[in-house]
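Derivation of every value follows stated rules applied to the coordinates shown; laboratory data play no part. Computed from a predicted structure; not experimentally measured. We place every Cβ from the backbone using ideal geometry, glycine too, and count neighbours over all the protein chains shown.
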Amino acid sequence: TVEHVKITVIGCGYLGATHAACMAALGFEVLGIEIDPTRRSALERGVLPFFEPGLPELLVEQVESGRLRFSADIAEAAAFGDVHFVCVGTPQRADGHGADLTYVEAAVTSLAAHLTGPALVVGKSTVPVGTAERLQEILQSQSPAGDQVELAWNPEFLREGFAVKDTLEPDRLVFGVRSERAEATLREVYSTAIDGGCPVVVTDFPTAELVKVAANSFLATKISFINAMAELCDVTGANVVTLADAIGYDERIGRKFLNAGLGFGGGCLPKDIRAFTARAEELGVKDALRFLHEIDRINLRRRKRVIKIARKELGGRLPGKRIAILGAAFKPNSDDIRDSPALEVAHTLHELGVHVTVHDVEAIEPARTKYPDLSYADTIEEACAEADLVMHLTEWLEYRAVDPAKLGEVVAGKRMIDGRNCLDIDAYREAGWTIRSLGRP
Ligand code: UDX
């Protein structure tokens, strides 16, 4: 039964904190390893440095149940756990090419030194294909327990905003394993999801590693594909939303991830496609992923495009104009501003001499920390007061609920750019606005 397996989670950032809380919720005894003492005590109180619905409550509940605790001590982790999940970050390298594996390697090396008996170390971080093989060598050569310790690769597909649900009820589980014992252990750890019908893909290390980056590359490709279609729609007068609906009815295509607009951002998709391209180059198959470079370019072009439209709407000159930006997070229901298209557009406009005022439902504080020079507003009305132009750049439900007639009373010019193609064009027109979209006439 699950109570017998003891779990550690090494690195309690977004992924690790979620995984630790969810494993405890499933009934396991869990030890989370987090070296930062401030972060550790915050986790114990359910205080998170990011916005994730349901996670703070779950953390508090599991800490109170006694099943979940945190420590900084990797030796304690080695002594405690049967299964060790490695959830440390793999940021983009400073040179912009490839992933920085310093944290993953340090975690595995320091854990290995303390493992004196059988254990399964499970990699979850997103890594370049080939990393698991190397980590397995480090693990077995540096652990006193030798080949009694084993590595498995078990990529994570959680979406921000749905992290708890995605962890407890995954679409699929992928186990990259080298032995039946490793597979059996992972099946035990995930028995709740598996009994609930979750498909399990059991495979080798490189396939397991590739699944993650292939999935994210496919999603990025879908978004850039429809954004490329939006460019075509803009010059032909066609409507990209209708186009997406129509092609999406084909089950082979599917409607999801075909929302054209300002494009993708966040901590995963942009970083992952760049790291994947860099890895392909190292492996001598650069041509195979050349298209991902184009996917990235289409995506970044969206940010330029929206600024071009803004300039045009404001009579060809931007300096001195007042623009209200609705949205700073890279997507709604998140306070994450990493590679946020909305915030980058806001910052670029500011650099171009525009008086920019930014509103967001959750991400104002992180945005202010990153770009203290921009103006921020607590309410939508305050952000839009006296604005010559309003730009809707992150599709929070709150923005869709705005009454165009009321908003029209506070602005200086009733001009709206819908960078996410989801505002009600007719309602804005009826209220006297000019509204421009990215791919809708
Ligand atoms: C993504 C993957 O979905 C997840 O499986 C993986 O584990 C991590 O990366 P996340 O970064 O949380 O998750 O965001 P996601 O919901 O995938 O959105 C990514 C970006 O694409 C956002 O900026 C979003 O605004 C944009 N997007 C999404 C579009 O522009 N159009 C769409 O149709 C869908």
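Of the residues Q62, T192, A132, the one whose Cα sits farthest toward the positive end of the charge dipole of the range 2-203, with +1 on the Cβ of Lys and Arg and -1 on the Cβ of Asp and Glu, is A132. Extending 7 Å from the Cα toward the beta-carbon at both E169 and Y249 defines two label points whose distance is 2.9 nm.
The angle between the Cα long axis of helix 55-65 and the main principal axis of the chain comes to about 30°, on a 0 to 90 degree scale. Most tightly packed first, judged by the mean number of other beta-carbon atoms within 10 Å of their residues, the peptides 5-12, 361-368 read 5-12, 361-368.
At q = 0.09 Å⁻¹, what is the log10 ratio I(q)/I(0) for the range 204-441, with the Debye formula run over Cα points and no solvent? These q points yield log10 I(q)/I(0) values of -0.39. The Cα center of the range 115-153 and the Cα center of the range 260-274 differ in position by 30 Å. 3J(HN,Hα) along the range 422-437, derived from phi through the Karplus expression 6.51 cos²θ - 1.76 cosθ + 1.60 where θ = phi - 60°, amounts to 9, 7, 7, 3, 4, 4, 5, 4, 4, 8, x, 8, 9, 10, 10, 10 Hz, with x in place of Gly and Pro. For V149, the residues whose amide H sits under 5 Å from its own are A119, ignoring neighbours fewer than 5 places away on the same chain, with H placed 1.01 Å from N.
Report note on the peptides 113-124, 332-343, 394-405: ranked by the mean count of other C-beta atoms within 10 Å, highest first, their order is 332-343, 113-124, 394-405. Only helices enter this figure: runs of n ≥ 4 DSSP H residues, each worth -39500 (n - 2.57), summed and divided by the residues of the chain, yield -13500 deg cm²/dmol at 222 nm to the nearest 500.
Pairs of lysine residues in the range 230-370 that meet both criteria, 8 or more places apart or on different chains and Cα atoms under 21 Å apart, total 12. Summarising the label geometry, the points placed 7 Å from Cα in the beta-carbon direction at V201 and F291 lie 1.7 nm from one another. Close amide H pairs (under 5 Å, H built 1.01 Å from N) link Y376 with V358, residues at least 5 positions away or on another chain. Axis of helix 205-236 versus longest Cα principal axis of the chain: the two differ by about 10°, to the nearest ten degrees. Across R134, R45, R93, mean-square fluctuation computed from a Gaussian network of the chain (C-alpha pairs under 10 Å connected) peaks at R134.
Projecting label points 7 angstrom from Cα along Cα→Cβ for K6 and S141 puts them 3.0 nm apart.
Between the range 283-329 and the range 188-205, the alpha-carbon centres lie 40 Å apart.
Per-residue Karplus couplings for the range 360-367, computed as 6.51 cos²θ - 1.76 cosθ + 1.60 with θ equal to phi - 60°, are listed in order as 8, 6, 10, 9, 4, 4, x, 5 Hz, Gly and Pro entered as x. Label point 7 Å out from A113 along Cα-to-Cβ: which residues of the range 63-81 have amide N under 19 Å? Under cut-off, by backbone N: 71-81. Report the local net charge at G176: Lys and Arg +1, Asp and Glu -1, summed over other residues whose C-beta lies under 9 Å from its C-beta. In short, -1. Between helix 131-142 and the chain there is an angle of about 30 degrees, using the helix long axis and the longest principal axis of the Cα atoms. Sequentially through the range 294-311, phi angles give Karplus couplings (6.51, -1.76, 1.60; θ = phi - 60°) of 5, 4, 4, 5, 4, 4, 5, 5, 4, 5, 5, 4, 5, 6, 4, 5, 4, 4 Hz, Gly and Pro residues having no value and appearing as x. Convex hull volume of the Cα atoms of the chain, normalised per residue: 151 Å³.
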